[in-house]
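Q: Below you will find the structure I want to go over with you.
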Amino acid sequence: MKIEELQDKRIAVLLSGGVDSSVVVYEFARLGLHPDCFYIKIGPEEEEEWGCSSEEDLEMATAVAHKYGCRLEVVDCHQEYWNQVTRYTMEKVRAGFTPNPDVMCNRLIKFGAFHEKRGFDYDLIATGHYAQTEIIDGHKWLTTSPDPVKDQTDFLAQIYDWQLKKALFPIGHYMKDEVRVIAEREHLVNAKRKDSQGICFLGKINYNDYIRRYLGENPGDVVELETGKRLGAHRGLWFHTIGQRHGLGFGGGPWFAVKKDIENNILFVSKGYNPQTAYRQDFAIGDFHFLTPEAGTILPEKVTFKIRHTADYLPATVEPLDGGFAIHAERPIHGVAPGQFCVIYDEQHHRCFGSAEIVVR
């Protein structure tokens with residue numbers, strides 16, 4: 001958007017305390033704008049027990065808002081997170097799937113629960129995501145960042161079309177290094193702060209400990225896929241993902257987790273540094289979520305896609321199926337797992353069409 005188009009807009013900035021959202025505030029300030037800032041509280045249920053505190057995040061967000069003369073308000077979405085995103089995560093892992101809580105956090109919390117509590121008062125909701133939007137043939141599309149490593153369109157590919165229409169990504173046209181340079185030049189308090197890793201709300205909490213807290217353990221057999229030989233036991237299928245190599249705990253490897261038998265509680269593994277059983281070239285996705293449905297709900301035959309957060313966009317052809325699509329990758333892909341989101345882009349990996357869960361077993 002041009003500056004004159006922003007002057008009359010009511011803008012909310014989701015300020016996390018990290019460097020990216022802080023530079024968002026700077027970007028507005030240099031244009032003479034002072035949007036309202038909001039810190040969304042979504043931390044664990046008992047912060048003391050988990051050893052995770054949001055105090056530092058809030059302190060940095062407060063300092064940045066004050067520096068640029070912006071009002072900061074804390075919005076508690078804690079209960080909504082645990083009622084919606086945690087429930088989604090636990091239901092998926094219990095069923096043997098590989099969920100992505102951060103994807104659903106964007107849909108249900110940052111552009112969802114926040115909107116219901118405060119965002120409805122604003123025309124635009126700005127975040128520090130590395131993504132862009134573009135008007136193409138009169139429709140608003142989610143488009144990729146020039147930084148392939150930091151691009152976060154895959155985390156945004158499940159937001160609703162009305163959420164996309166209100167979304168604004170002021171640093172999406174930058175490379176990460178450029179954002180760091182701006183932060184240091186402007187002497188932002190968090191200029192040298194490391195990027196957060198893993199699930200957005202867990203902080204230092206181990207993911208398996210998080211799963212164990214809600215689902216406990218459910219021991220079962222670990223079996224070599226090719227021979228049927230029992231190698232040992234697992235503590236619960238939900239502690240393992242398809243394609244996993246580290247953390248299996250068996251000698252004579254390396255071993256890859258390649259398949260789950262949910263009904264019989266068996267984890268199948270294959271031996272070797274690059275076993276063919278760890279790859280898949282064709283798989284199905286169901287109930288595709290289109291980000292810009294008014295532009296059409298048919299995918300082109302040739303696309304690029306991602307099944308995890310990487311810098312690579314993989315070429316494929318698409319075949320329509322009842323209730324979804326078949327994806328035929330140009331080459332075999334490692335670690336295709338049910339429940340993962342497959343994010344679809346155009347051939348130039350510029351426009352993001354949306355995403356759907358992988359349903360093949």
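The values are calculated or read from the model by the stated rules, or taken from the named source; none is laboratory data. All figures in this text were calculated on a predicted structure; none of them were measured in a lab. Cβ atoms come from the backbone with ideal geometry, glycine included; neighbour counts cover every protein chain shown. When the accessible area is computed, the model is the full protein with side chains, heavy atoms only, and any ligands, DNA or RNA have been set aside. Shrake-Rupley method; radii C 1.70, N 1.55, O 1.52, S 1.80 Å.
Q: Restricting attention to region 253-307, and to residues there that are modelled with pLDDT under 90 and in a loop (DSSP other than H, G, I, E, B), which single residue is most open to solvent (accessible area, probe 1.4 Å)?
A: Residue satisfying both the conditions and the ranking: 273.
Q: Right, residue 49: closer than 30 Å to residue 237 by Cβ and either surrounded by 14 or more Cβ atoms within 10 Å (Cβ to Cβ) or at pLDDT below 90 (or both) or not?
A: On the way: closer than 30 Å to residue 237 by Cβ: yes; either surrounded by 14 or more Cβ atoms within 10 Å (Cβ to Cβ) or at pLDDT below 90 (or both): yes.
Yes; evaluated as a whole, the condition is true for this residue.
Q: Which of the residues belonging to region 118-153 are in contact with a Ser or Thr (Cβ under 9 Å, 6 or more places away or on another chain), open to solvent by 10 Å² or more (accessible area, probe 1.4 Å) and not in a loop (DSSP other than H, G, I, E, B)?
A: Of everything in region 118-153, those that are in contact with a Ser or Thr (Cβ under 9 Å, 6 or more places away or on another chain), open to solvent by 10 Å² or more (accessible area, probe 1.4 Å) and not in a loop (DSSP other than H, G, I, E, B) turn out to be 132, 133, 134, 136, 139, 140, 141.
Q: For region 52-82, name all the residues that are in a helix (DSSP H, G or I), open to solvent by 50 Å² or more (accessible area, probe 1.4 Å) and modelled with pLDDT of 90 or more. It would help to see each step written out before you state the result.
A: Taking region 52-82 first, the residues in a helix (DSSP H, G or I) are 55-67, 78-82.
Next, only the ones that are open to solvent by 50 Å² or more (accessible area, probe 1.4 Å) stay: 55-56, 58-59, 62, 66-67, 79.
Scanning region 52-82 gives 58, 59, 62, 66, 67, 79.
Q: Right, something else. So residue 227 fits all but one of (1) assigned to a loop (DSSP other than H, G, I, E, B); (2) open to solvent by 50 Å² or more (accessible area, probe 1.4 Å); (3) in contact (Cβ under 8 Å) with a residue 60 or more places away in the chain; what number is the exception?
A: Against the list (1) assigned to a loop (DSSP other than H, G, I, E, B); (2) open to solvent by 50 Å² or more (accessible area, probe 1.4 Å); (3) in contact (Cβ under 8 Å) with a residue 60 or more places away in the chain, residue 227 comes up short only on (3).
Q: Taking residue 173 and the conditions (1) modelled with pLDDT of 95 or more; (2) under 30 Å from residue 304 (Cβ atoms); (3) open to solvent by less than 50 Å² (accessible area, probe 1.4 Å); (4) part of a loop (DSSP other than H, G, I, E, B), which numbered condition does it fall short on, given that it satisfies the others?
A: In the conditions (1) modelled with pLDDT of 95 or more; (2) under 30 Å from residue 304 (Cβ atoms); (3) open to solvent by less than 50 Å² (accessible area, probe 1.4 Å); (4) part of a loop (DSSP other than H, G, I, E, B), residue 173 misses (3) alone.
Q: Please identify the pairs in which a residue from region 29-44 that is surrounded by fewer than 21 Cβ atoms within 10 Å (Cβ to Cβ) and charged (D, E, K, R) has its Cβ atom under 9 Å from the Cβ atom of a residue that is assigned to a loop (DSSP other than H, G, I, E, B) and modelled with pLDDT under 95, counting only partners at least 6 apart or on another chain.
A: Filtered contacts from region 29-44: 41/54; 41/77.
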